[in-house]
1. Please determine, by comparing only the residues of the range 498-533 that are in a strand (DSSP E or B) and closer than 15 Å to residue 378 by Cβ, which one is nearest to the chain's Cα centre (by Cα).
2. Given the structure, is residue 226 in contact with a strand residue (DSSP E or B) (Cβ under 6 Å, 6 or more places away or on another chain) and either crowded, with 17+ Cβ neighbours inside 10 Å or modelled with pLDDT of 95 or more (or both)?
3. Criterion first (free of Cβ contacts under 8 Å to residues at least 24 places away in the same chain and within 27 Å of the chain's Cα centre (by Cα)) does residue 229 satisfy it?
4. Looking at the range 439-464, which of its residues are farther than 15 Å from residue 534 by Cα and in a strand (DSSP E or B)?
5. I'm checking my understanding of the structure. Among residues of the range 482-512 that are within 15 Å of ligand 1 (Cβ to nearest atom) and closer than 18 Å to residue 393 by Cα, which one is surrounded by the fewest Cβ atoms within 10 Å (Cβ to Cβ)?
6. May I ask you to verify whether residue 240 is in contact (Cβ under 8 Å) with a residue 60 or more places away in the chain and under 29 Å from residue 301 (Cβ atoms)?
7. Report whether or not residue 515 is in contact (Cβ under 8 Å) with a residue 60 or more places away in the chain, more than 12 Å from ligand 1 (Cβ to nearest atom) and surrounded by 23 or more Cβ atoms within 10 Å (Cβ to Cβ).
Ligand SMILES: Cc1ncc(C[n+]2csc(CCOP(=O)(O)OP(=O)(O)O)c2C)c(N)n1
Ligand SMILES: [Mg+2]
């Protein structure tokens, strides 16, 4: 059989592994690989900054529940991936990046773009390695994809030296079978005795609370979680990116009573989320000191090293363990025991609703960010993917905008990465072309990857971007923050120059119509940007509820 070069082997291996879309920025020594991917009919989406490619692959991975793929040229191209890869690591998302590098044969001779790329990427990923033998590329592609999704998902970096990518190999010597292996998603069951103990503890609890995270999304365990909630009437809360596992208009959802629920619970069940700063490490007094604490996690080290002592720690897959738990509760359904608890939380939600300071219907000009959130909420589809990036707008959005579909909420994440908004939105739209995608962006964070509007226009990825134009990074209050002011820039005009539909809004009365017209443009296949001048003094309060700061 004819020779193939490493680049062609890579493209064929990715195709055989089921890869349909790749986000990349062209450049040596990856050109032949990128061309070969085109020849394999993989959709190749070329972006304007490599970090955006990694961020798009992140959203894509989450919405397809399979690895998201990106590629970068050697040296600065690969280094530009780092923010997106580190963000994927902290998000726990299976992004697989292929980076070109200078030829092994010239290492140490100051070759073009030579730098220790593995050393730079290693702390940003779950696993990083270099390929030395082109004939082993199918095996190593399989290795990368399997590692990314196994157990707790995370990013993988594969370094591809130029001389490996261009080396001819006799195609008969290649074992393609590696690339076609199904991705292994182990679903360990928890210890049956612990599951039984958890069932009994839940039956005995009067004030139970569930805190769930993206582990439930990767495990696709939302039907089982909902069954548990319904069986015993358990109030539930999720991490900011774990939203939508149960629709947020479910009767056991009491978002604004979160602090009370955590403080007064007698049992806290944590499913598929780390006990990191996002949940205050589950520490008292924010979380009841005397509550029974139970945890289900696929990562044994999470259970072993829990910052708070666990009464019941179950190493297992969320879907498998919740299925067993539901079976253990079969015929024992009882929502009455927790009725007073739910009534108390419901009363708290009511009390908060009546409190002054709710600006969601404010007619003030400049527009209050909460009014902006309300207008977007009013018109967006129930199953829209909503991405929010910024600080004030992120915090306001978290309180004011619900999500009813599993995984359809993304944001700056536990790494607090400004700039993810637009790329996450584009990755989501590529993954789910028939779903409405809305990105609500701070004006500062928008700037970091704003050129991705060009990517969206060139590749026909129609999303709606709404900018909260408060004239800078965070609120102008307190005054005098260094480097805060950016000015009230007409980003809509910039978007127009890039080929987008655009609009600019100052009067709250015009907001609804402007959003509708923009969505009509999106529905006709265009990328739309609505630049909304908002109140620069509006500062989201960081109350206990917004401890979920990202
Ligand atoms: C890449 C990155 N750079 C800087 C920061 C620090 N930072 C956190 S929030 C924020 C301001 C965000 O401003 P904007 O996007 O305009 O949203 P706003 O708060 O004004 O609504 C900054 C600069 C960060 N988290 N990430
Ligand atoms: Mg801003």
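The values are calculated or read from the model by the stated rules, or taken from the named source; none is laboratory data. Nothing here was measured: the structure is a model prediction, and the numbers come from that model. Virtual Cβ from ideal backbone geometry, glycine too; neighbours counted across all protein chains shown.
1. Here the residue is 530.
2. So residue 226 does not fit the description; no.
3. Spelling it out, residue 229 is indeed free of Cβ contacts under 8 Å to residues at least 24 places away in the same chain and within 27 Å of the chain's Cα centre (by Cα).
4. Within the range 439-464, 439, 464 qualify.
5. Per the stated criteria, the residue is 487.
6. In short, yes.
7. When the stated conditions are applied, residue 515 passes them.
Matching residues to (1) in contact with a strand residue (DSSP E or B) (Cβ under 9 Å, 6 or more places away or on another chain); (2) closer than 21 Å to residue 424 by Cα; (3) within 16 Å of ligand 2 (Cβ to nearest atom):
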site: 458; (1), (2), (3): yes, yes, no
site: 463; (1), (2), (3): yes, yes, no
site: 466; (1), (2), (3): yes, yes, yes
site: 469; (1), (2), (3): yes, yes, yes
site: 473; (1), (2), (3): yes, yes, yes
site: 476; (1), (2), (3): yes, no, yes
site: 485; (1), (2), (3): yes, no, yes
site: 489; (1), (2), (3): yes, no, yes
site: 495; (1), (2), (3): yes, yes, no
